[in-house]
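Undergrad: Once you've had a glance at the structure underneath, I'll fire off some questions.
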Amino acid sequence: MTGAPEHLPLLDRTGLPDDENLRILLARYPRAQWWEHENIHGLSGHWLEIHNSFREAGKILAGGIADYREGRKSAPDFARWFTPRLNRLLGHLDTHHRIEDDIYFPKFVEAEKRLTRGFDILEGDHHQIHAALESNAEAANAFLRALQENEDKQRFAADNYAMENEKLVAMLTRHLDDEEDLIVPLILDRGDRTFGH
Ligand SMILES: [Fe+2]
Ligand SMILES: [Fe+2]
């Protein structure tokens, strides 16, 4: 990486920018064919599985919020159910991004310099997601505190929290897709050994 994360707002994006360098490998290895490639059974397949577990966790949290808001879960039941799951997701995301930024992104850039800008963008995404995680945690805490208050305050805090959570999940989903478009074709092209596996 160049050491300078590039800030391209995740919520305004529909994919990686139209930059020829970033699409060379993806054009050769389109997403629909990834699982037919023999190099998918290793690092890249593992990456996709981790990303799918984040997508799944995001959906489960959103489902839990909907259950509370639509009256299928009481406030205390929801809080008991929700808090450990949210903390687990935040912890896993934090570790995952650290491993990417510190260990893998430098190896990927080393292997393919034309993707440098792409990894600067992904690193910028990690900063954006972390800022969203912080406001998500604040909204979650405000909501948990509001459970001691009257119903109006609970509703207000729940709506605010649901909005923060939707935003976070949308940002995460965009980032996961764009990251895969950059990383998976590179690993398929070079094989796991290039990256020390
Ligand atoms: Fe990432
Ligand atoms: Fe990732």
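Undergrad: Toward the positive end of the charge dipole of region 37-195, about the Cα centre and with charges on Cβ (Lys, Arg +1; Asp, Glu -1), which of Leu93, His127, Ile65 goes farthest?
TA: Ile65
Undergrad: Taking the Cα centre of region 118-197 as the origin, how large is its charge dipole in debye, to the nearest 20, when only Lys and Arg (+1) and Asp and Glu (-1) carry charge on their Cβ atoms? Don't skip to the answer; put the middle values down first.
TA: Details: 7 positive and 18 negative charges, 44 e Å.
Dipole about the Cα centre, nearest 20: 200 debye.
Undergrad: Treating only the Cβ of Lys, Arg, Asp and Glu as charged (+1, +1, -1, -1), what charge dipole size does region 37-195 show about its Cα centre? Round to the nearest 20 debye. Numbers along the way, then the final one.
TA: Details: 20 positive and 30 negative charges, 84 e Å.
It works out to roughly 400 debye.
Undergrad: Within the chain, what is the number of lysine pairs with alpha carbons under 29 Å apart, leaving out pairs fewer than eight places apart on the same chain? Let's see the in-between values first.
TA: Values: Lys59/Lys73; Lys59/Lys153; Lys59/Lys167; Lys73/Lys153; Lys73/Lys167; Lys153/Lys167.
Lysine pairs, 8 or more places apart or on different chains, close enough: 6.
Undergrad: Still on this structure, I have one more. Carbon-plus-sulfur fraction of the accessible area of the chain, 1.4 Å probe, in percent?
TA: Answer for the chain is 50 percent, counting heavy atoms of protein chains only.
Undergrad: Quick one: if you stick a label point 7 Å off each Cα along the C-beta vector at Thr173 and Ala62, how many nm between them?
TA: With each label placed 7 Å out from Cα toward Cβ, I get 0.4 nm.
Undergrad: Multiply the residue separation of Arg85 and His127 by 0.36 nm, subtract the distance between their alpha-carbon atoms, and state the gained length in nm to one decimal. Please list the in-between numbers first.
TA: Working: separation 42, 0.36 × 42 = 15.12 nm, distance 2.20 nm.
Residue separation times 0.36 nm, minus the Cα-Cα distance, leaves 12.9 nm.
Undergrad: Another question about this same structure. Roll a 1.4 Å probe over the protein chains and send me the accessible area per residue for region 37-195 in Å². Write down the numbers at each step before the final one.
TA: Details: 7580 Å² over 159 residues.
With all protein chains present, region 37-195 gives 48 Å² per residue.
Undergrad: Report the GluC sites (Glu not before Pro) located in region 122-165 that are in a DSSP loop and have at most 16 other Cβ atoms inside 10 Å of their Cβ, or state none. Numbers along the way, then the final one.
TA: Numbers: sites: Glu123, Glu134, Glu138, Glu149, Glu151, Glu164; in loops: Glu149.
Those satisfying the criteria are Glu149.
Undergrad: Counting only complete DSSP H runs, which helices of the chain cover 20 Å or more along their long axis at the Cα atoms and score a mean Kyte-Doolittle of -1.0 or above? Could the numbers behind the result be given before it?
TA: Working: long enough: 43-69 (39 Å, -0.21); 75-99 (36 Å, -0.60); 116-146 (45 Å, -0.33); 151-190 (57 Å, -0.58).
Counting only whole DSSP H runs, the qualifying helices are 43-69, 75-99, 116-146, 151-190.
Undergrad: With every protein chain present, what accessible area does Ser53 have (1.4 Å probe, heavy atoms only), rounded to the nearest 10 Å²?
TA: For Ser53, solvent-accessible area is about 60 Å².
Undergrad: Place +1 on the Cβ of every Lys and Arg and -1 on the Cβ of every Asp and Glu in the chain, take the dipole about the Cα centre, and give the residue among Phe105, Tyr29, Pro84 whose Cα lies farthest towards its positive end.
TA: Going by the Cα projections, it comes out as Pro84.
The values are calculated or read from the model by the stated rules, or taken from the named source; none is laboratory data. These figures come from a predicted structure and were not determined experimentally. Positions of Cβ are generated from backbone atoms using ideal geometry, with glycine treated the same way; all protein chains shown enter the neighbour counts. Quick note on the areas: whole protein, heavy atoms, side chains included, nothing else; ligands and nucleic acids left out. Shrake-Rupley method; radii C 1.70, N 1.55, O 1.52, S 1.80 Å.
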